[in-house]
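Working notes, structure below.
The values are calculated or read from the model by the stated rules, or taken from the named source; none is laboratory data. A quick note: this is a predicted structure, and the numbers were derived from the prediction, not measured. In this analysis, Cβ positions are derived from the backbone assuming ideal geometry, glycine residues included, and neighbour counts consider all displayed protein chains. Protein only, heavy atoms only, side chains kept; ligands, DNA and RNA dropped before computing areas. Shrake-Rupley method; radii C 1.70, N 1.55, O 1.52, S 1.80 Å.
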Amino acid sequence: MDFGQNSLFGYMEDLQELTIIERPVRRSLKTPEEIERLTVDEDLSDIDRAVYLLSAGQDIQGASVIANLPFLMRQNPTETLRRVLPKVREVLHVASVEMQLAAAVSFLTILQEESMSVHTFAHSFLQVILLHLEHRDTGVSNAWLETLLSAVELLPKETLRHEILNPLVSKAQLSQTVQSRLVSCKILGKLTNKFDAHSIKREILPLVKSLCQDVEYEVRSCMCRQLESIAQGIGTELTKNVVLPELIELSRDESGSVRLAAFETLVNMLDMFDTDDRSQTILPLVKSFCEKSFKADESILISLSFHLGKLCHGLYGIFTPDQHLRFLEFYKKLCTLGLQQENGHNENQIPSQIIEQEKKYTSVRKNCAYNFPVSKLLNSGVHLIHKELITLLQDESLEVLDALINHLPEILELMSAGGENSVQENKFSSLPDLIPALTAAEQRAAASLKWRTHEKLLQKYTCLPHIISSDQIYYRFLQRMFTIMMTNNVLPVQRAAARTLCIFLRYNRKQEQRHEVIQKLIEQLGQGKSYWNRLRFLDTCEFIIEIFSRSFFCKYFFLPVIELTHDPVANVRMKLCYLLPKVKSALKIPADMHLLQQLEMCVRKLLCQEKDKDVLAIVKKTVLELDRMEMSMDMFQKKNYEKDLLDQEKEREELLFLEMEQLEKEKHQSDGRLASDKSFEKKRRDSRTPTQSLSKSMPISVPGPSSNTPSTSKEIKKSKLTRSQSFNNQAFHAKYGTLDKCASKSSTLAHTSSVSGLVRTAMLSLTDDSFRTRNTSSVPASFSPNPVLPSTSRGPGSTADPKSSGSKDAQPRKAAFKNLENPILKSTAW
């Protein structure tokens with residue numbers, strides 16, 4: 001590189017140019033004269049300062065005074081009305097838009113705070129509000145109008161008549177501006193709630209008719225939208241004789257916006273009309289509107305699809321079968337608007353028009369998804385729109401999916417209950433595309449940036465155990481929940497997946513599958529390489545405590561949870577400390593006394609050896625909370641009666657699921673044996689000789705049960721299976737309301753007999769001053785056919801080398817407890 005004098009000066013010039021380019025632009029400073037004008041004497045009172053700033057200050061200072069007007073009214077209302085308000089009136093004549101908006105908001109705040117009487121407000125502020133209603137700026141005019149409409153609710157009737165209604169007669173004339181007539185329409189709609197029907201008929205309805213026939217379509221449309229409020233004020237009879245004819249005429253208006261306003265008003269007023277009016281007058285109008293909607297602007301289709309639900313409910317029972325079918329076809333066409341080839345784009349359209357049209361079509365499909373729960377009106381014919389449900393689930397727009405999943409549980413339950421195939425295992429045999437559509441919808445939501453839609457969809461999937469079979473959930477959805485928990489980067493989505501997985505596990509009907517899920521939760525989350533997975537394991541355990549019984553949690557998850565007290569990552573130990581009170585609440589005394597002792601030793605260990613100051617502070621708070629907690633007893637207590645009753649019902653259901661599985665296995669085996677016996681009997685008959693047939697009448701003693709002996713055990717098993725299957729249909733909706741006060745004697749004895757086994761397990765897992773869980777299974781992280789689960793009611797656990805690191809790249813954590821002394825158990829004699 002040449003560092004000669006010329007090149008060096010060239011580099012210097014380049015650097016100077018860069019400095020000039022990158023130099024930040026300094027804001028202009030105020031001149032001494034400007035600072036002098038903005039300076040106010042500090043000794044002035046608030047009232048004097050406000051008057052001074054409104055008189056000689058700048059606009060920004062005047063806007064500040066007006067925005068502070070409610071405070072001045074609370075502090076000194078008399079002086080504010082006497083000195084400040086006159087200055088405000090003067091300033092508002094030439095005020096900027098910002099100052100006008102501030103004044104409208106301040107006046108409304110003063111009215112709402114009731115810092116003065118209504119008569120004083122009407123005398124001091126009402127004329128200022130009315131004066132600026134027709135401001136040239138639309139935003140300012142709307143702000144003052146909102147203030148006036150809010151004041152109408154509070155002002156007395158006589159004030160409204162003299163100050164607002166009487167001047168409105170002249171303001172609504174054709175000689176006035178369009179803006180003035182638009183304001184008159186909105187005020188008339190508000191005034192009808194303040195006067196009696198006779199006054200409305202004599203003073204307001206003539207103005208309403210005049211504005212409905214205005215020469216400007218904006219005025220007709222605005223007045224049409226106020227007819228609903230007017231109808232509520234005048235009653236049914238006047239509505240039928242006066243308002244309905246105006247609506248019919250407006251529905252045939254030459255302007256599309258007026259026709260749209262008339263249609264929406266009619267839909268909102270359906271409840272006010274009797275059956276004859278709806279069938280003879282409104283239904284033909286709706287039919288005509290629907291037929292012409294596809295030829296009109298797409299905005300009409302948007303409105304029609306949005307009000308479809310109200311329309312169906314309002315006209316329910318009036319449709320003839322032919323009209324019913326035609327309306328259903330119309331809804332189906334709206335569900336696929338923009339997706340079919342016949343709805344393709346015109347070659348003459350420019351790209352911007354195409355994009356705008358696609359947005360409108362998407363809005364129509366979104367409204368169809370929003371109104372899909374109206375399908376309950378179809379009753380047994382709900383299967384007619386199965387295909388549309390799949391189409392909406394597969395829509396590329398997440399807006400459509402988001403509108404559909406708001407009511408997804410009730411939609412799926414309606415579909416499953418309304419069709420002919422409503423058997424538990426084959427509810428959707430006639431709809432094979434449902435499960436692929438649901439999984440594709442979840443994957444599409446996961447691939448987008450709209451994580452709230454994804455979270456909401458996962459939350460709605462908790463209804464699936466009541467909709468599809470346990471095996472379908474296990475093979476198509478459960479593994480996906482694991483993947484989301486371990487790979488998704490959004491915490492609310494991970495927590496939603498964890499809770500949904502717990503619901504799936506709760507209603508899983510196969511013990512082997514349940515054990516595999518539990519094993520995978522412990523190995524891949526609780527003992528996972530990443531501390532993030534171990535945090536999610538604690539989240540999952542929190543949901544398990546909420547959803548399952550106490551005994552279930554203690555049996556499978558108590559030991560894996562307290563093992564995390566030795567986690568090398570402070571955040572994991574910290575989260576565990578927050579969970580410990582819930583862990584303790586899952587224990588019962590005296591059955592779980594050994595688990596309580598282990599919990600106390602772990603907490604004592606944290607107190608003595610914790611080095612992280614933040615974790616130690618939380619441990620100390622947790623210890624105080626644990627000391628204040630009262631333990632649940634095996635017997636019911638009055639103060640914990642509802643919780644104990646709920647837990648007993650959960651445990652009863654879990655035992656019943658096991659019984660259901662056993663009964664189904666026995667039923668399948670019995671069916672298999674019966675089929676085999678029938679086949680053998682058929683072969684025996686086919687191979688029977690004539691000689692054997694002659695001996696048919698001879699008595700032959702055949703070993704086996706006598707035909708006269710009743711098959712009592714088979715009948716009992718059959719009744720249990722029927723009862724368990726009916727329970728499976730009801731378990732998902734169980735509200736744990738009224739339960740038997742006494743637990744079954746057999747379950748109590750079974751629970752009592754397991755206590756000694758639990759204690760022996762804990763004793764065997766404790767050595768001189770430490771206890772470890774050992775992993776006797778060498779299965780990989782994936783599902784194993786016969787998993788070995790950590791259980792507090794089984795034999796001693798297994799051990800492995802302890803984990804030495806807590807980073808995300810560390811080795812998988814193994815279950816390990818180290819150097820936890822238990823002098824109580826060490827001194828126990830066996």
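Observations, loosely collected:
- Count of residues meeting criterion [of a type in the set (Lys, Arg) and touching a residue at least 40 places away in the same chain (Cβ under 8 Å)] in region 75-112: 0
- Scanning region 447-467 for residues that are of a type in the set (A, V, I, L, M, F, W, C), more than 14 Å from Leu393 (Cβ to Cβ) and not in a helix (DSSP H, G or I) yields one hit, Leu449.
- With respect to the conditions (1) in contact with a helix residue (DSSP H, G or I) (Cβ under 7 Å, 6 or more places away or on another chain); (2) surrounded by 21 or more Cβ atoms within 10 Å (Cβ to Cβ), Leu559 lacks only one, and its number is (1).
- Residue selected from region 62-78 under the condition surrounded by fewer than 18 Cβ atoms within 10 Å (Cβ to Cβ) and part of a helix (DSSP H, G or I), by the criterion farthest from the chain's Cα centre (by Cα): Thr78
- Test result for Glu42, out of contact with any helix residue (DSSP H, G or I) (no Cβ under 8 Å at 6 or more places or on another chain) and not in a helix (DSSP H, G or I): yes
- When region 289-324 is filtered for residues that are of a type in the set (S, T, N, Q) and touching an Asp or Glu at 6+ places or on another chain (Cβ under 8 Å), only Ser303 remains.
- Listed here are the helices (runs of 4 or more DSSP H) enclosed by region 114-231 that have at least 2 residues being in contact with a Leu (Cβ under 7 Å, 6 or more places away or on another chain) and open to solvent by 50 Å² or more (accessible area, probe 1.4 Å): 178-191.
- Pick from region 580-602, criterion open to solvent by less than 10 Å² (accessible area, probe 1.4 Å) and under 39 Å from the mean Cα position of the chain (by Cα), ranking: farthest from Gly526 (Cα to Cα): Leu587
- In the set Ser469, Ser530, only one residue is over 20 Å from Val572 (Cβ atoms) and out of contact with any Leu (no Cβ under 9 Å at 6 or more places or on another chain); that residue is Ser469.
- Scanning region 241-250 turns up one or more residues that are open to solvent by less than 10 Å² (accessible area, probe 1.4 Å), of a type in the set (Val, Ile, Thr) and free of Cβ contacts under 8 Å to residues at least 60 places away in the same chain.
- Residues of region 85-101 satisfying the condition of being in a helix (DSSP H, G or I) and within 25 Å of Gly139 (Cβ to Cβ): Leu85, Lys87, Val88, Arg89, Glu90, Val91, Leu92, Val97, Glu98, Met99, Gln100, Leu101
- Among the residues making up region 267-284, those that are within 18 Å of Pro321 (Cα to Cα) and either outside any helix (DSSP H, G or I) or of a type in the set (A, V, I, L, M, F, W, C) (or both) are Ile282, Leu283.
- So Arg514, is it among the charged types (D, E, K, R), part of a helix (DSSP H, G or I) and open to solvent by less than 10 Å² (accessible area, probe 1.4 Å): no
- In this structure, Ile300 qualifies as open to solvent by less than 50 Å² (accessible area, probe 1.4 Å), in a helix (DSSP H, G or I), at pLDDT below 90 and farther than 19 Å from Val374 by Cβ.
- Candidates Glu356, Glu329, Glu342: the one that is at pLDDT below 85 and part of a helix (DSSP H, G or I) is Glu342.
- Given (1) closer than 23 Å to Phe657 by Cα; (2) in a helix (DSSP H, G or I), number of the condition Asn508 does not satisfy: (2)
- Residue in region 303-321 that is aromatic (Phe, Trp, Tyr), assigned to a helix (DSSP H, G or I) and open to solvent by 50 Å² or more (accessible area, probe 1.4 Å) present: yes
- Checked against (1) open to solvent by less than 20 Å² (accessible area, probe 1.4 Å); (2) modelled with pLDDT under 90, Ala104 passes all but condition (2).
- Single residue of Glu388, Glu347, Glu396 found to be modelled with pLDDT of 90 or more and open to solvent by 30 Å² or more (accessible area, probe 1.4 Å): Glu396
- Of all residues in region 497-505, one or more are within 25 Å of Ile435 (Cα to Cα), polar (S, T, N, Q) and assigned to a helix (DSSP H, G or I).
- Test set (1) open to solvent by less than 30 Å² (accessible area, probe 1.4 Å); (2) in contact with a Gly (Cβ under 9 Å, 6 or more places away or on another chain) - Phe263 fails condition number: (2)
- Single unsatisfied condition, Ser549 versus (1) open to solvent by less than 20 Å² (accessible area, probe 1.4 Å); (2) more than 31 Å from the chain's Cα centre (by Cα); (3) polar (S, T, N, Q): (2)
- Close pairs from region 476-494: first within 13 Å of Gln524 (Cα to Cα), partner in a helix (DSSP H, G or I) and basic (Lys, Arg), Cβ under 6 Å, at least 6 apart: Met485/Arg536
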